[in-house]
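Chemist: My questions will all concern the structure given below.
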Amino acid sequence: MNKEYNPKIIGFLCNWCAYTGADLAGVSRLNVPSSLKAVRVMCSGRVNPLFVLKAFLGGADGVIIMGCHPGDCHYQKGNYYARRRFVLLQKVFETLGLDFERLALSWVSASEGPRFARVTTEFSEKIKKLGPNPAKEEIFL
Amino acid sequence: MPKVLKIKKGVEEGINDFLKFLLESGKVKGIFTLKKTNENGAVSYSLITHLDELKKAVPLFPLMPVNAGKVLSAFTLLEATKDTVAAVLRPCEIRSFIELVKRFQGSMENFLLISLTCGGVFPLKSAVNGEVKKLLPIYWESIKKGNISSNIRPTCQTCEHFIPYQADMTIAIVEKKNTDKECNIFLNTDKGENFAKEAPGDIVFEEMDTNEITELKNKRKTQKKKLYEELGIEKLEFKTLIKIFSACLSCHACSHACPICYCTLCDFESKIFEYKPSSYNMELNQKGGIRVPPGTLFFHIGRMVHMGVSCVGCGMCSDVCPVNIPVSMIFSMVGDSLQKMFEYLPGKDIEESIPFGTFKTEEFAEIGE
């Protein structure tokens, strides 16, 4: 029995911008792939890089963090720290030969319903092309 | 041109004389350095306050039983030492001390930091039954010639930061041909100059950086590529990582020996990442198997994320690993690429903020758009 590969993407969405934007996309009946499982956090700066790492090693095909645009963070500076943490984690992945393309960070504001739909669709397509996460098969992690 | 205190004795005798002068004159109340603990060559770091004990000091002995930066941080965790202490440390130990001071884990005040141009140290596993004593003559020969001594820690063989950045004084050893007749101590700071006043010896002017030093840096760069290939880590990928860390026992000795890993309660030993029976069951159901104890790769990659930006490549982690995983080579490789990306060199400048705790409003502009 061959199930069509529907990727599992974990999304960390900041409450004030990204999550609200996602909600707007939903209310506007825009097409958003079902592969994204949203986790609401108060700020993208709350996202511990270890969450992303655990999701990846746990078998998530893709992990995306979405927050307010730089300069518009509800808590002033959180998204700047999120940006630094993201590039740090991506660089660690890249140096270790892990698939850093499976990680993404995107700025989506509360009014950008269409942008949320577009970013999620594009990321989901990218993850589909990359195939399932090899960590899913590994027991000896 | 830098000022140098030139003592007309062999470098080992010269530095011991200088340390004796510092203690005798009352300029310092204690000397922190390596001391012989038995005749077999066992050494350990000691804080010496009596001249008699100073006779057993071996500051230049090529062994690092513990990263001294970690020890100095333990001394000054709550407040600076009340009296001045002269500490003889290797360049990476000073760098790790500074990284700890940046994290409010110590104070540099009241230390006279003496370092050396470093030719590396032997792995702790080779320092049993007097083995290091036998290897010493070959070790000193290669250092004189400006070569990489074989048998030293792999991270020492590949270290490009063997000239100390924040030392008050630097003992010039690497590629110096006359170390059996002369002891040259570079006085890098005003503090260094003050402490060297009235010391036995002459003040001259010499350059630290020579062609041979640049050549040695290049030799070590080449050795780095060679060792990466030999260990099979020059091009890592998921399956290779699993294989390399498959031997890991999760003893966390690497983390305990690491100077940067100062957290009294490490995340990876706390309840946050504890595996409860329900998680065991969940994984068993999903994958049909689970490694026990779980979370090996998560611990190592997580530790890289936490301390990579400050990794000074001292090599303690590899030394203490009971199953010979090349931890230090992998961690310093990741550390190097992180430090390059953030244009940050750990331990170089006490004023430079750790990349984790700061940001610029305009940077990495392509991310997120």
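Chemist: Answer with yes or no whether residue B:250 is of a type outside the set (A, V, I, L, M, F, W, C), within 14 Å of chain A (Cβ to nearest Cβ) and assigned to a loop (DSSP other than H, G, I, E, B).
Modeler: Values: of a type outside the set (A, V, I, L, M, F, W, C): yes; within 14 Å of chain A (Cβ to nearest Cβ): yes; assigned to a loop (DSSP other than H, G, I, E, B): yes.
Spelling it out, residue B:250 is indeed of a type outside the set (A, V, I, L, M, F, W, C), within 14 Å of chain A (Cβ to nearest Cβ) and assigned to a loop (DSSP other than H, G, I, E, B).
Chemist: Still on this structure: Could you tell me whether any residue of the range B:286-301 is more than 8 Å from chain A (Cβ to nearest Cβ), crowded, with 21+ Cβ neighbours inside 10 Å and not in a loop (DSSP other than H, G, I, E, B)?
Modeler: Taking every residue of the range B:286-301 in turn, at least one turns out to be more than 8 Å from chain A (Cβ to nearest Cβ), crowded, with 21+ Cβ neighbours inside 10 Å and not in a loop (DSSP other than H, G, I, E, B).
Chemist: Let me ask something else about it. Kindly indicate whether residue B:283 is under 26 Å from residue A:101 (Cα atoms), at pLDDT below 95 and buried (at least 18 other Cβ atoms within 10 Å of the Cβ). Even if it seems obvious, please write down each step before you answer.
Modeler: Working: under 26 Å from residue A:101 (Cα atoms): yes; at pLDDT below 95: yes; buried (at least 18 other Cβ atoms within 10 Å of the Cβ): yes.
Against the criterion (under 26 Å from residue A:101 (Cα atoms), at pLDDT below 95 and buried (at least 18 other Cβ atoms within 10 Å of the Cβ)), residue B:283 qualifies.
Chemist: Give the range B:170-211 a look and list any residue that's part of a strand (DSSP E or B), farther than 12 Å from residue B:117 by Cβ and not β-branched (Val, Ile, Thr), or say none. Outline the logic, then answer.
Modeler: First, pick out the residues of the range B:170-211 that are part of a strand (DSSP E or B): B:170-171, B:183-187, B:202-205.
This time we only want the ones that are farther than 12 Å from residue B:117 by Cβ, so: B:183, B:187, B:202-205.
Of everything in the range B:170-211, those that are part of a strand (DSSP E or B), farther than 12 Å from residue B:117 by Cβ and not β-branched (Val, Ile, Thr) turn out to be B:183, B:187, B:202, B:205.
Chemist: Checking residue B:241 against (1) in contact (Cβ under 8 Å) with a residue 12 or more places away in the chain; (2) over 24 Å from the mean Cα position of the chain (by Cα); (3) more than 10 Å from chain A (Cβ to nearest Cβ), which test does it fail?
Modeler: (3)
Chemist: Please work out if residue A:114 is touching a Ser or Thr at 6+ places or on another chain (Cβ under 9 Å), facing chain B (nearest Cβ under 8 Å), of a type outside the set (D, E, K, R) and farther than 22 Å from residue B:295 by Cβ. Give the steps one after another, and end with the answer.
Modeler: Values: touching a Ser or Thr at 6+ places or on another chain (Cβ under 9 Å): yes; facing chain B (nearest Cβ under 8 Å): no; of a type outside the set (D, E, K, R): yes; farther than 22 Å from residue B:295 by Cβ: yes.
In short, no.
Chemist: Quick test of your reading of the structure: residue A:98 fulfils all but one of (1) crowded, with 20+ Cβ neighbours inside 10 Å; (2) in contact with a strand residue (DSSP E or B) (Cβ under 9 Å, 6 or more places away or on another chain). Name the failing condition by number.
Modeler: Result: residue A:98 fails condition (2) only.
Chemist: Also, quick follow-up: Report yes if residue B:256 is in a helix (DSSP H, G or I), more than 10 Å from every other protein chain (Cβ to nearest Cβ) and either surrounded by 21 or more Cβ atoms within 10 Å (Cβ to Cβ) or within 31 Å of the chain's Cα centre (by Cα) (or both), otherwise no.
Modeler: yes
Chemist: When you go through (1) buried (at least 22 other Cβ atoms within 10 Å of the Cβ); (2) in contact with a Cys (Cβ under 9 Å, 6 or more places away or on another chain) one by one for residue A:116, which number turns out not to apply?
Modeler: (2)
Chemist: Next question, about the same structure. When you check residue B:322 against the structure, is it touching a Phe, Trp or Tyr at 6+ places or on another chain (Cβ under 6 Å) and either part of a loop (DSSP other than H, G, I, E, B) or closer than 23 Å to residue B:108 by Cβ (or both), yes or no?
Modeler: Numbers: touching a Phe, Trp or Tyr at 6+ places or on another chain (Cβ under 6 Å): no; either part of a loop (DSSP other than H, G, I, E, B) or closer than 23 Å to residue B:108 by Cβ (or both): yes.
It is false that residue B:322 is touching a Phe, Trp or Tyr at 6+ places or on another chain (Cβ under 6 Å) and either part of a loop (DSSP other than H, G, I, E, B) or closer than 23 Å to residue B:108 by Cβ (or both).
Chemist: For the range A:24-42, which positions are free of Cβ contacts under 8 Å to residues at least 40 places away in the same chain and within 14 Å of the chain's Cα centre (by Cα)?
Modeler: Those that are free of Cβ contacts under 8 Å to residues at least 40 places away in the same chain and within 14 Å of the chain's Cα centre (by Cα): A:34, A:37, A:38, A:39, A:40, A:41.
The values are calculated or read from the model by the stated rules, or taken from the named source; none is laboratory data. Given the structure is predicted, the values throughout are model-derived calculations rather than measurements. Note that we place each Cβ from the backbone using ideal geometry, even for glycine, and neighbour counts take in every protein chain shown.
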